[in-house]
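The values are calculated or read from the model by the stated rules, or taken from the named source; none is laboratory data. No experiment lies behind these values; they were computed from the predicted model shown. All Cβ positions, even for glycine, are placed from backbone atoms using ideal geometry, and neighbour counts span all protein chains on display. In case anyone asks, the SASA skips ligands and DNA or RNA and just uses the protein heavy atoms, side chains included. Shrake-Rupley method; radii C 1.70, N 1.55, O 1.52, S 1.80 Å.
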Amino acid sequence: MLPTGLASLSPPRLAGQRVIYSYPGLTPPASLISLIQHGEAAGVIFFGQNISSKTQIAAVIKQLDQADASPLNPVQAPLLLMTDQEGGQVRRLPGRPYLSEKQIGANPQAETLATEAGQGAASNLRSVGMNVNLAPVLDVYRKAGDFDDQFGRSYSMDPNVVSDLGTRMIKAQQTGGVAATAKHFPGLGAASASQNTDAGPVTLNLSLNTLRTVDEVPFAAAIAAGVKLIMVSWAVYPALGARPAGLSPNVVQGELRNRLHFTGVTITDALEAGALKPFGSTQHRTLRAALAGMDLMLCAAQDVTQGEQASAELAADYTNGTLDGPTFLAAVNRVIALRQSLS
């Protein structure tokens, strides 16, 4: 069922439901406030440079929530207000969870600590008004010092351990009122220290059997546990096709939707990532991601214009039929259902 009036929303408003915005510095620009007031943004991602203290970011979020409550906004649902609060070195807010996934995985009390990390992340984010965490990382790392392990971002080299600890973190976090995001599907665990999709193209030459019996295993567990979002990676997996995963229908529709039966919200990794250099402009990247089946475009360049370009592209492609209408509305429906679940 579509929420009442969804199909009657204007194309800019429908498109806006599929865009996460970012901004520079400590104060959201007037342009972003206006987009939110008019129902043309799904949410906002916050980075370290947006946060000087918990008091400061809580006041910013109150301002964004007030904009969202504007009578001009026909989409009456909470914004998706998110950050990367993985634990350890990857934390945008001061405070919990203090331990990295690696530290949790190595501890004899790992199961308890994974639950406590989820509880801590939820309570910390909720204390400033955030409701989505771009965590946990469910990558199964391969060797010491590799892409995930160098920053302590993977629980284990054993997919069953990653599944167990990751699902405990997810359940605790979502019980605490914060949506969890499993990342980076179908897995960046095989990436070497120098293979960083933020910096440039990455190809992971894994067999389909390895992808399905190692890397995707924790994601299947997360789906069974009810994880609300899954972030898809920008690496290329030749066993699944020639495109970066988040631009690949084989990955998003084939593996994630059809094989693993994920019905929640898909979110891209940062749309400005160096891995997408071969795919041109923000507009072209947005179109390819939408055609692949991605619901939310993560515009993380800390520039409102980036989100505006993505949104304008989606609106034009919806209007001219480049993107299938019912498929587009189904994506919007998933996002609005997620937003409403966080009220």
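Average projection, convex hull of the Cα set of the chain: 15.0 square nanometres. About its Cα centre, the stretch 207-337 has a charge dipole of approximately 320 debye under the convention of +1 per Lys or Arg Cβ and -1 per Asp or Glu Cβ, with nothing else charged. When the alpha carbon gyration tensor of the stretch 115-245 is reduced to an equivalent ellipsoid, the three semi-axes, largest first, read 25, 15, 14 Å. In this view, the solvent-accessible surface of His38, computed with a 1.4 Å probe and all protein chains in place, comes to about 60 Å².
Three principal axis extents describe the C-alpha atoms of the stretch 86-162; from largest down they are 37, 24, 16 Å.
Overall, the anisotropy analysis places the stretch 234-343 in the rounded class: the square-rooted eigenvalues a ≥ b ≥ c of its C-alpha gyration tensor yield a/c less than 1.5.
Quotient of the Cα radius of gyration of the stretch 192-257 and 2.2 N^0.38 Å, N being its number of residues: 1.12.
Across the stretch 325-338, computed HN-Hα scalar couplings (Karplus, 6.51 cos²θ - 1.76 cosθ + 1.60, θ = phi - 60°) run x, x, 5, 4, 5, 5, 5, 4, 4, 5, 5, 5, 4, 4 Hz from first to last residue, x flagging Gly and Pro. Histogrammed with a bin width of 5 Å, the alpha carbon distances of the stretch 8-76 distribute as 4, 18, 28, 24, 15, 8, 3, 1, 0 percent, first bin at zero. Counting only protein heavy atoms and a probe of 1.4 Å, the accessible surface of the stretch 215-285 is 55% carbon and sulfur.
Rolling a 1.4 Å probe across the protein heavy atoms gives the stretch 150-224 an accessible surface of 36 Å² per residue.
Using only the Cα atoms of the stretch 276-330, build the gyration tensor, take square roots of its eigenvalues as a ≥ b ≥ c, and label the shape rounded, prolate or oblate: rounded if a/c is under 1.5, else prolate if a/b is larger than b/c, else oblate. The shape class here is prolate. When Glu216, Glu308 are compared by accessible area at a 1.4 angstrom probe, the order from most to least is Glu308, Glu216. Averaged per residue, the stretch 68-114 has 46 square angstrom of accessible surface, using a 1.4 angstrom probe with ligands and nucleic acids left out.
Couplings 3J(HN,Hα) of the stretch 109-120, computed from phi: 9, 3, 5, 5, 5, 5, 5, 5, 5, x, 5, x Hz, in residue order, whole Hz [Karplus 6.51 cos²θ - 1.76 cosθ + 1.60, θ = phi - 60°; x for Gly and Pro]. Solvent-free Debye calculation, one equal scatterer per alpha-carbon of the stretch 1-117: log10 I(q)/I(0) at 0.12, 0.15 Å⁻¹ equals -0.56, -0.75. Here is the P(r) of the stretch 261-302: all C-alpha pair distances, binned every 10 Å from 0, give 28, 56, 15, 1 in whole percents. Across all C-alpha atoms in the stretch 65-119, the radius of gyration and Dmax reach 16.8, 53 Å.
Per-residue SASA remark: Phe151, around 90 Å² accessible (1.4 Å probe; ligands, DNA and RNA not included). Over the chain, DSSP H runs of length four or greater, each weighted -39,500 (n - 2.57), average out per residue to a 222 nm ellipticity of -11000 deg cm²/dmol.
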